[in-house]
Amino acid sequence: MKIIIIGSGLAGLAAGYKLCKSNEIIIFEKDAEIGGMAASYCQSYAGKEYFIEKYYHHIFRSDSELLALIRELGLESKMLWLKGKNAYFVDEKSYPMNTPSEILRFSPLSFTDLVKLGLLVFRIKIINDTTSYDKIKAKDWIIDNAGKSVYENFFAPLLKSKFGDNAETVSAAWLIGRVKIRSDRGTEGEKLGYMRGGFNSLIEALSGEITAHEGEIIKNKEVTEIVITDNKVQGVMVDGNFTTCDAVISTVEPRVLDKLTKGKLGALQETLQKIQYQGTACALIGLEKKLIGDGNYWLNIKADVPFGAVIEHTNFMPFEDYGEHLIYMTSYFQDEKDALWVQTEEEVLDSYLRGLEKMFPDFSRKEIHWTKLFRRMDTAPVYEQGYLEKVLPFEAGPSGLYLAGMFSSTNYPERSMNGSIKAGFESANFFIKKDEGCETCWLD
Ligand SMILES: Cc1cc2nc3c(=O)[nH]c(=O)nc-3n(C[C@H](O)[C@H](O)[C@H](O)COP(=O)(O)OP(=O)(O)OC[C@H]3O[C@@H](n4cnc5c(N)ncnc54)[C@H](O)[C@@H]3O)c2cc1C
């Protein structure tokens, strides 16, 4: 069977990998490189060439499908489990947040509030099913269970930096999922996974498997329509040309899918228009000197700067792998009117660097080797109250149309590389079962 996959992010590559051995695969990617959100940038400094993700990435021990895939592709020897130290920067001071004793020294909260915070985290850890929390706002749930002061002095700045004006609408299900994964640590702090050579190794291995089985990955080709007649997929339009196929797996964000399907998805079309995505503006800089002196990898920020976190990649991965210090500054934004989207790259970078100068008085622009800014409008669904009802199915309705991506159930209530790989595999399974004549796959 001939299958067209729209998008070469991890969902598209995982689906292509699963199906390429017994089908003809064509992946159309609108960008100049493959990998989507997990794509890397090839940088060289002082004669050393290396890959670094455009947007910071790490993985968790619970990412079982991703880890199994890494093993299957023979990449296990590249896996490293490293301590990723966190801190919370509040009003000009950095508070380490790795161990219970460090958390107890977080002075913006009173001792009573710290106890309430601890009890809340304990409560979250024993929640197994977040479904019933989808209809509750995170803000209300935190205030009800830990009080207003814990909300305002601890969670509110974090929610604001992640969801901007949508911070107060985010569901408790998202919060619980997030805290659960980030508090899965022993008394010594959190260990996070990363691949030597970056996640580019995974993307290269997946695309290599697809092309080795005569699949095609065509870059710089934007699909402009999924052609559907008589409730059946016929093919796609690219550059004004029609390519026929037996099935399409679409991994593009819901509002793009809405445009591509031109009203042929029935009731689902309305849901597509309701799913809100947020954008990310992520700066990456190469530096002569270490920035975060106390060795923290991740700094959440409550301060008057235009980004919500500073991430020093080389406080996590060894400096020797790169020969320079690598720092991300990142902020989410909610719509196309936001300054982070409207301003030129130079303006955004300048505002970020002014923020760094404010936070780190010893930092000087003279120490910068190079700067990059990566930004996209479609980096994550906003997991607002009631989002569960909008999670998209793997089969879209018209025969031969399958969906996989950040909008799938495998990425609820938090999107991840693992969730997108799982979504790609699931969509492939749906195709295989349909191909084998199974009419009741949804019962499995
Ligand atoms: C700032 C940031 C940090 C992150 N950190 C982590 C982390 O630490 N750990 C983790 O597990 N996950 C992390 N993620 C999430 C992870 O990157 C994503 O969940 C995952 O990569 C999404 O894969 P996807 O294939 O579903 O979507 P995408 O990667 O978005 O892939 C979709 C692809 O479709 C292409 N496309 C769109 N429209 C068209 C069209 N019309 N025609 C052809 N192609 C099209 C796009 O260009 C893109 O390549 C992070 C994401 C961001 C943005």
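Can you confirm whether the range 37-55 contains a residue that is closer than 27 Å to I432 by Cβ, not hydroxyl-bearing (S, T, Y) and not assigned by TED's automatic domain parsing to the domain that holds K78?
Taking every residue of the range 37-55 in turn, at least one turns out to be closer than 27 Å to I432 by Cβ, not hydroxyl-bearing (S, T, Y) and not assigned by TED's automatic domain parsing to the domain that holds K78.
Any idea which residue in the range 22-40 is least open to solvent (accessible area, probe 1.4 Å), counting only those that are touching a helix residue (DSSP H, G or I) at 6+ places or on another chain (Cβ under 9 Å) and more than 12 Å from the ligand (Cβ to nearest atom)?
That would be I25.
Quick check on K48: is it open to solvent by 40 Å² or more (accessible area, probe 1.4 Å), farther than 25 Å from G355 by Cα and within 8 Å of the ligand (Cβ to nearest atom)? I'd like the intermediate steps shown before the answer.
On the way: open to solvent by 40 Å² or more (accessible area, probe 1.4 Å): yes; farther than 25 Å from G355 by Cα: yes; within 8 Å of the ligand (Cβ to nearest atom): no.
No: the conditions fail for K48.
Kindly evaluate T211 against the criterion of being among the hydroxyl-bearing types (S, T, Y), closer than 22 Å to M37 by Cβ and either out of contact with any helix residue (DSSP H, G or I) (no Cβ under 8 Å at 6 or more places or on another chain) or at pLDDT below 95 (or both).
Against the criterion (among the hydroxyl-bearing types (S, T, Y), closer than 22 Å to M37 by Cβ and either out of contact with any helix residue (DSSP H, G or I) (no Cβ under 8 Å at 6 or more places or on another chain) or at pLDDT below 95 (or both)), T211 qualifies.
Would you point out the residue of the range 163-199, among those that are part of a helix (DSSP H, G or I), of a type outside the set (S, T, Y) and open to solvent by 30 Å² or more (accessible area, probe 1.4 Å), that is nearest to P318 (Cα to Cα)? Steps first, please.
Here is the first cut: in the range 163-199, the residues part of a helix (DSSP H, G or I) are 163-169, 172-182.
Cutting the leftovers down to of a type outside the set (S, T, Y) gives us 163-168, 172-182.
Then drop every residue that is not open to solvent by 30 Å² or more (accessible area, probe 1.4 Å), which leaves 165, 168, 178, 180-182.
Working: D165: 37, E168: 38, R178: 27, K180: 27, I181: 24, R182: 22 Å.
Among those residues, the one meeting the criterion is R182.
Quick one: how many residues across the range 392-401 are within 16 Å of the ligand (Cβ to nearest atom) and either open to solvent by 30 Å² or more (accessible area, probe 1.4 Å) or farther than 24 Å from I249 by Cβ (or both)?
Residues meeting the conditions: 1.
Out of the range 1-17, which residues are more than 7 Å from the ligand (Cβ to nearest atom) and surrounded by 22 or more Cβ atoms within 10 Å (Cβ to Cβ)? Break it down stepwise before answering.
At the first step, the residues of the range 1-17 found to be more than 7 Å from the ligand (Cβ to nearest atom) are 1-5, 13-17.
If the condition is that a residue be more than 7 Å from the ligand (Cβ to nearest atom) and surrounded by 22 or more Cβ atoms within 10 Å (Cβ to Cβ), then I3, I4, I5, L13, A14, A15, G16, Y17 are the ones that fit.
Taking S427, is it within 10 Å of the ligand (Cβ to nearest atom), open to solvent by less than 50 Å² (accessible area, probe 1.4 Å) and polar (S, T, N, Q)? Show your work before the answer.
Values: within 10 Å of the ligand (Cβ to nearest atom): no; open to solvent by less than 50 Å² (accessible area, probe 1.4 Å): yes; polar (S, T, N, Q): yes.
Answer is no for this residue.
Is the range 372-385 home to any residue that is more than 13 Å from the ligand (Cβ to nearest atom), of a type outside the set (S, T, Y) and either out of contact with any helix residue (DSSP H, G or I) (no Cβ under 7 Å at 6 or more places or on another chain) or open to solvent by 40 Å² or more (accessible area, probe 1.4 Å) (or both)?
Yes - at least one qualifying residue is present in the range 372-385.
Got a sec? Which of L109, L120 is free of Cβ contacts under 8 Å to residues at least 60 places away in the same chain, part of a loop (DSSP other than H, G, I, E, B) and more than 16 Å from the ligand (Cβ to nearest atom)? So that I can check it myself, show each step before the final result.
Working: L120 fails: part of a loop (DSSP other than H, G, I, E, B).
Of the residues listed, the single one that is free of Cβ contacts under 8 Å to residues at least 60 places away in the same chain, part of a loop (DSSP other than H, G, I, E, B) and more than 16 Å from the ligand (Cβ to nearest atom) is L109.
Looking at (1) more than 12 Å from the ligand (Cβ to nearest atom); (2) closer than 25 Å to G355 by Cβ; (3) surrounded by fewer than 21 Cβ atoms within 10 Å (Cβ to Cβ), find the lone condition where Y88 falls short.
(3)
The values are calculated or read from the model by the stated rules, or taken from the named source; none is laboratory data. Note that this is a predicted model, so its numbers are computed, not measured. Heads up, the Cβs are rebuilt from the backbone with ideal geometry, glycines too, and the neighbour counts pull from every protein chain shown. Protein only, heavy atoms only, side chains kept; ligands, DNA and RNA dropped before computing areas. Shrake-Rupley method; radii C 1.70, N 1.55, O 1.52, S 1.80 Å.
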